[in-house]
1. Answer with yes or no whether L36 is under 19 Å from Y120 (Cβ atoms) and either of a type in the set (A, V, I, L, M) or within 18 Å of the chain's Cα centre (by Cα) (or both).
2. Could you check region 27-47 and list, in sequence order, the residues that are out of contact with any Cys (no Cβ under 7 Å at 6 or more places or on another chain), within 24 Å of F150 (Cβ to Cβ) and either buried (at least 18 other Cβ atoms within 10 Å of the Cβ) or aliphatic (A, V, I, L, M) (or both)?
3. Output the residues belonging to region 8-18 that are part of a loop (DSSP other than H, G, I, E, B) and on the phi < 0 side of the Ramachandran plot.
4. Does S85 qualify as being surrounded by 18 or more Cβ atoms within 10 Å (Cβ to Cβ), of a type in the set (S, T, Y) and within 24 Å of T160 (Cα to Cα)?
5. Quick one: would you say E50 is surrounded by 21 or more Cβ atoms within 10 Å (Cβ to Cβ) and at pLDDT 95 or above?
6. Would you be able to tell me the number of residues in region 140-172 that are closer than 13 Å to G12 by Cβ and of a type in the set (S, T, Y)?
7. State whether the residues of region 143-150 include one that is surrounded by fewer than 17 Cβ atoms within 10 Å (Cβ to Cβ), at pLDDT 95 or above and hydroxyl-bearing (S, T, Y).
8. Can you tell me which condition A107 does not meet? The list is (1) surrounded by 17 or more Cβ atoms within 10 Å (Cβ to Cβ); (2) among the small types (G, A, S); (3) in contact with a Lys or Arg (Cβ under 8 Å, 6 or more places away or on another chain); (4) over 21 Å from T14 (Cβ atoms), and all the others hold.
Amino acid sequence: MNVFVLSTGRCGSTTFVKACQHIRNFSCGHETRAQLIGEEHFDYPPDHIESDNRLSWFLGDLDQRFGKDAFFVHLTRDRDYVAQSYARRMDIGILNGYARGILMEPAADLYSSINLARDYCDTVNHNIEMFLKDKPHRMDVRVESVEVDFRQFWDWIGATGDLDAALAEWDTPHNATGNMIRADDVRGVAKVFRKLGRIVTKLPHYIRYA
């Protein structure tokens, strides 16, 4: 069977796979097919655990390919913790795409990074919750109660391996973002550079390339 870990990202999705590497009867991976399109994107091997926060944008395709046969985990963490972690990466990750692509360009200038990150988290989690409504094989895992929840996950899928080593992975930060930021952060320096970039593109050709 296939197991999919759905999440916003920045909530232990990498650590989840690190923990699953101690399971003997399943393969596992993090964003292993995220660079592919079409059917190839979902061509996961059998008995595989995949953690990929981008799958929350491919739920229709995921349903068509696996329907109610797969097992689904909704991995969550405190909303503000996740939002602050994303806000620190505003200009390099998926939140930038959400603010400038999904919401369109003005959103990134109208709202602070933390508010955009909260909106992103809510949107993704609501999409996942809606998708899972009719799925018979689903469970929730919260990082705040992961020692209990991951044990339940282990039993739920019939995992064999080293459970103690798997749980120990949750004590080690993986793919951490560093210091959190205050909620009123508006990405001052990055915003200045973006404005300068827009000014430069409007300069006459002979000035820009002088």
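The values are calculated or read from the model by the stated rules, or taken from the named source; none is laboratory data. Because the structure is a prediction, the values reported are computed rather than measured. Methodologically, a virtual Cβ is constructed for each residue, glycine included, from the backbone with ideal geometry; neighbour enumeration extends over all protein chains shown.
1. Working: under 19 Å from Y120 (Cβ atoms): no; either of a type in the set (A, V, I, L, M) or within 18 Å of the chain's Cα centre (by Cα) (or both): yes.
It is false that L36 is under 19 Å from Y120 (Cβ atoms) and either of a type in the set (A, V, I, L, M) or within 18 Å of the chain's Cα centre (by Cα) (or both).
2. Answer for region 27-47, where residues must be out of contact with any Cys (no Cβ under 7 Å at 6 or more places or on another chain), within 24 Å of F150 (Cβ to Cβ) and either buried (at least 18 other Cβ atoms within 10 Å of the Cβ) or aliphatic (A, V, I, L, M) (or both): H30, A34, Y44.
3. Just the residues of region 8-18 that are part of a loop (DSSP other than H, G, I, E, B), to begin with: 8-12.
Across region 8-18, the qualifying residues are T8, C11.
4. Values: surrounded by 18 or more Cβ atoms within 10 Å (Cβ to Cβ): yes; of a type in the set (S, T, Y): yes; within 24 Å of T160 (Cα to Cα): no.
Considered against the rule, which asks whether it is surrounded by 18 or more Cβ atoms within 10 Å (Cβ to Cβ), of a type in the set (S, T, Y) and within 24 Å of T160 (Cα to Cα), S85 comes out as no.
5. Numbers: surrounded by 21 or more Cβ atoms within 10 Å (Cβ to Cβ): yes; at pLDDT 95 or above: yes.
Against the criterion (surrounded by 21 or more Cβ atoms within 10 Å (Cβ to Cβ) and at pLDDT 95 or above), E50 qualifies.
6. 2
7. Within region 143-150, the subset surrounded by fewer than 17 Cβ atoms within 10 Å (Cβ to Cβ) is 144-145, 147-148.
Those left that are additionally at pLDDT 95 or above: 144-145, 147-148.
Checking which are hydroxyl-bearing (S, T, Y) leaves us with 145.
Yes; the residues of region 143-150 include at least one that is surrounded by fewer than 17 Cβ atoms within 10 Å (Cβ to Cβ), at pLDDT 95 or above and hydroxyl-bearing (S, T, Y).
8. The failed condition is (1).
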